[in-house]
1. Any idea which of (1) open to solvent by less than 10 Å² (accessible area, probe 1.4 Å); (2) without any contact (Cβ under 8 Å) to a residue 40 or more places away in the chain; (3) assigned to a loop (DSSP other than H, G, I, E, B) is the one A:ASN64 doesn't satisfy?
2. Do you know which of the residues in the stretch A:40-61 that are under 14 Å from A:LEU103 (Cβ atoms) and assigned to a strand (DSSP E or B) is farthest from the other protein chains (Cβ to nearest Cβ)?
3. Kindly state which strands (runs of 3 or more DSSP E) lie completely within the stretch B:78-161 and contain at least 2 residues that are farther than 20 Å from B:PRO203 by Cα.
4. Yes or no: the stretch A:131-146 includes at least one residue that is within 13 Å of chain B (Cβ to nearest Cβ), under 30 Å from B:ILE220 (Cβ atoms) and in contact with a Gly (Cβ under 8 Å, 6 or more places away or on another chain).
5. I'd like the residue in the stretch B:164-183 that is away from chain A (no Cβ under 14 Å) and open to solvent by less than 10 Å² (accessible area, probe 1.4 Å) and, out of all such residues, is nearest to B:ILE126 (Cα to Cα).
6. Only residues that are more than 14 Å from chain A (Cβ to nearest Cβ) and assigned to a strand (DSSP E or B): list them for the stretch B:207-260, please.
7. Filter the stretch A:159-206 for residues that are within 12 Å of another protein chain (Cβ to nearest Cβ) and assigned to a loop (DSSP other than H, G, I, E, B); which is surrounded by the most Cβ atoms within 10 Å (Cβ to Cβ)?
8. Got a sec? Which of A:GLY102, A:GLY51, A:GLY10 is of a type outside the set (Lys, Arg) and modelled with pLDDT of 95 or more?
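The values are calculated or read from the model by the stated rules, or taken from the named source; none is laboratory data. Please read all numbers here as calculations on a predicted model, not as lab measurements. Neighbour counts run over all protein chains shown; Cβ positions are idealised from the backbone, glycine included. The accessibility values were calculated without ligands, DNA or RNA, using every heavy atom of the protein model including side chains. Shrake-Rupley method; radii C 1.70, N 1.55, O 1.52, S 1.80 Å.
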Amino acid sequence: MKTIAIIDYGMSNLNSVVKAIEYVAPNDKVIISSDQKVIDSADKIIFPGQGAAKNCMQSILERNIKNLIIKNSADRPFLGICMGMQVLMENSDENNGTECLGLIEGDVKKFSSSKKNNIKIPHMGWNKIINRTEHPIWNKINQEAFFYFVHSFYVNPKDKSIIIGETKHGEIFCSVVAKDNIIAIQGHPEKSSDTGLQFLKNFIGMK
Amino acid sequence: MTVTKRIIPCLDVDNGRVVKGVKFVNIKDAGNPVEVAKRYNDQGADEITFLDITASSSNRKTILSVVEKVASQVFIPLTVGGGIKSLDDIRSLLNSGADKITINTSAIHNPDLISDASESIGNQCIVVAIDAKRKTSGSTNPSWEIYTHGGRNPTGIDAIAWAIEMEKRGAGELLVTSMDKDGTKEGFDLELMKSINENVNIPIIASGGVGNLDDLYDGIAIGKADAVLAASIFHFGNYTIQEAKEYLTNKGINMRVTNE
């Protein structure tokens, strides 16, 4: 039995993630925590998040878990979801500029929307992730697969070689990155039906 | 390739059971919400909306356990509406596993609820439901008035102005129902959908009046809706969601069709 810790920093409704992980890993232990000892002893870590970048970072700093996230993402499988992907970057354009965790070089940008291009914000609904690199996280997932998205900002990593999935909403943006132990996805695998469950299963299977 | 148009089946839930009826007449038990939700998920529904129509307030907690059970088995977005009055109501539903909540009457009585909820929880989970009725029929400059309490009480508020106001206050999405068309099977009020779409930049879900698959097509192609919500055409087995998606795909609408 492995332990999967879901980092709780008061910024999101974690239940959807918990329920999906329990569904794909019925024999593992799923815990929600921001406690250092608990997270340190987990085999795998999931870092969800929603809301605004500034609130998210404030919450991380208030709970004093910045170093905990940095340390643990270095030596075991770590999955950032949605805002949990964005705050891994160096900074975000959201809230007039927000300094983030800096685990991945690059920034977070807002979609440009206009009546002309008919691009709505938030980018809400099902869209394709085109996986462009072979990676165990894509096991049994089609090269073009639908995931559910809800967001207004997207990550723009400096090192393009870490981009393993892309999506188009007006512009083509980076929707999945993989760097060392870190996997991060802008969409919501916990809400993406069978494809999303397979993605989570693949993450659980990573060593 | 871009974000796909969505098909959302809407289920009325009374005392923890899915019920179906035409205009609240001949309501009959249509099953266990988990089973019904699973069936729609298997057919390719993009989201599921539950409308809690439980009359007795003492039984209102039942919806929380319904949401909890569905969210443990069905992994697509779940929207829940009906009788939401406070931030606490919203939080309880989200904690039970809802991804979005839809608010109509309380948004009109207390617009700050939308601002507060959006500010503290995020606009991605706040759907404002607008029940609109035409003020003038056949006019070249149509206008619509919004209603509360499931379309019973007029408010004097203009639907377009209200949509703009709700977007400003932080609604993440608008669920627009035409009271004139609801239950008629004549198709959506396309002018209403189009007018609202032209005035806001958040996604719009069209509702009210779907009788066949062409109505869904018109709602998206002419009404410019981002999603279409329907109840009876799916509940009574006229069409499956899969059939609807195949039909729309063949007519050039970008849909999520999975055939793995």
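1. (1)
2. A:ILE45
3. On the way: elements: B:78-81, B:100-103, B:126-134, B:144-148, B:153-158.
It comes to B:126-134, B:144-148, B:153-158.
4. From the stretch A:131-146, those within 13 Å of chain B (Cβ to nearest Cβ) are A:140-146; that's our starting set.
Adding the requirement that they be under 30 Å from B:ILE220 (Cβ atoms) leaves A:141-146.
Cutting the leftovers down to in contact with a Gly (Cβ under 8 Å, 6 or more places away or on another chain) gives us none.
Scanning the stretch A:131-146, I find no residue that is within 13 Å of chain B (Cβ to nearest Cβ), under 30 Å from B:ILE220 (Cβ atoms) and in contact with a Gly (Cβ under 8 Å, 6 or more places away or on another chain), so the answer is no.
5. B:MET166
6. B:SER207, B:ALA230
7. In this case the residue turns out to be A:GLY187.
8. On the way: A:GLY51 fails: modelled with pLDDT of 95 or more; A:GLY10 fails: modelled with pLDDT of 95 or more.
Sole residue among the options that is of a type outside the set (Lys, Arg) and modelled with pLDDT of 95 or more: A:GLY102.
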